[in-house]
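The values are calculated or read from the model by the stated rules, or taken from the named source; none is laboratory data. As the structure is a prediction and not an experimental result, all values here were calculated from the model. Here the Cβ positions follow ideal geometry from the backbone for every residue, glycine too, while neighbour counts run over all protein chains shown.
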Amino acid sequence: MEEPEDSPPSSKSRRWIYATLILCGYGFFKEFKPSEPFLTPYLTDNTTKNFTKDEVNSQIYVYWPYSFLIAEIFVLLLTDIVRYKPVILVEATAYLMTRFLLIWGTNVVSMQMMQVVYGIATATEIAYFSYIYPAVSLEHYKKVTSYVRAVRLFGQAMAGIVGQILISTKAFNYLQLNYFSCASVFVACVFAILLPNLCSCPCWNGTETQKTSSRGTGTCTQVVADYIRTTTHKRLLDLKAYYS
């Protein structure tokens, strides 16, 4: 949902601050997973999953790169069209499903599914970095870029520190650490739901609207169709230029 052109400055100021705070909260909690550095020990520990190292390395982990690659193709084409928030919701849901499968999955197939879902989650992360730009004005770009990137790194750092402390002191075992991570990802899902909606099509961009108007085609459906054709053509040219 866009701010009207005649919105008072205070309203616009509150909007960009709110969007930035919610996105930063989402970025922190989605990365605050203390169990992440201990994934292999968790999968191979005989008190939790009890998989062999060969199963983990050759039958489980190998699914993530292929899932990521396939999902990334669709994400790059669809993120701008659906206006970011739906992709962020997919990311949050996929991270939560990853936690569920890690905790309650009992066999190699369920762990393979976990890696497939995790591949989708990591592929959709591009929406987290790009959401904030259409949500704020150009003058705030530098600030919000530093905020969303810094809070993500801070979440990862805190997850590693907290996880190491809890394991070293034996306050938590590997399974309990995964419950901790699951709770953090659930909070991230709440933040994702609270994110402000953006316009549902690429019409939000003034340049694009002017181009559309100059052709005499002002409907959002036509803009979306033109955008898909243009983007697909550009991606194919980029691939050709890169690999030739």
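Could you run through region 141-176 and say how many residues are hydroxyl-bearing (Ser, Thr, Tyr) and surrounded by 12 or more Cβ atoms within 10 Å (Cβ to Cβ)?
Matching residues across region 141-176 total 4.
Pairs under 7 Å by beta carbon, first residue of a type in the set (Phe, Trp, Tyr) in region 135-156, partner surrounded by fewer than 18 Cβ atoms within 10 Å (Cβ to Cβ) and assigned to a helix (DSSP H, G or I), six or more apart or different chains?
That search, which allows pairs on different chains as well, returns Tyr141/Tyr133.
Which of the helices (runs of 4 or more DSSP H) found entirely inside region 65-133 contain at least 2 residues meeting this: of a type in the set (Lys, Arg) and closer than 23 Å to Val190 by Cα?
85-104
So, Asn173, is that one out of contact with any strand residue (DSSP E or B) (no Cβ under 6 Å at 6 or more places or on another chain) and at pLDDT below 75 or not?
In short, no.
Among Leu76, Leu69, which is the only one that is closer than 27 Å to Asp238 by Cα, exposed (fewer than 15 other Cβ atoms within 10 Å of the Cβ), touching a residue at least 60 places away in the same chain (Cβ under 8 Å) and among the hydrophobic types (A, V, I, L, M, F, W, C)?
Being closer than 27 Å to Asp238 by Cα, exposed (fewer than 15 other Cβ atoms within 10 Å of the Cβ), touching a residue at least 60 places away in the same chain (Cβ under 8 Å) and among the hydrophobic types (A, V, I, L, M, F, W, C) holds for just one of Leu76, Leu69, which is Leu76.
For region 94-141, which positions are of a type in the set (Val, Ile, Thr) and more than 18 Å from Leu69 (Cα to Cα)?
Result: Ile103, Thr106, Val108, Val109, Ile132, Val136.
What are the pairs, 6+ residues apart or on separate chains, where a residue within region 222-244 that is over 12 Å from Ile81 (Cα atoms) has its Cβ under 6 Å from a residue that is modelled with pLDDT under 70 and part of a helix (DSSP H, G or I)?
Taking only residues 6 or more apart or on different chains, not a single pair turns up.
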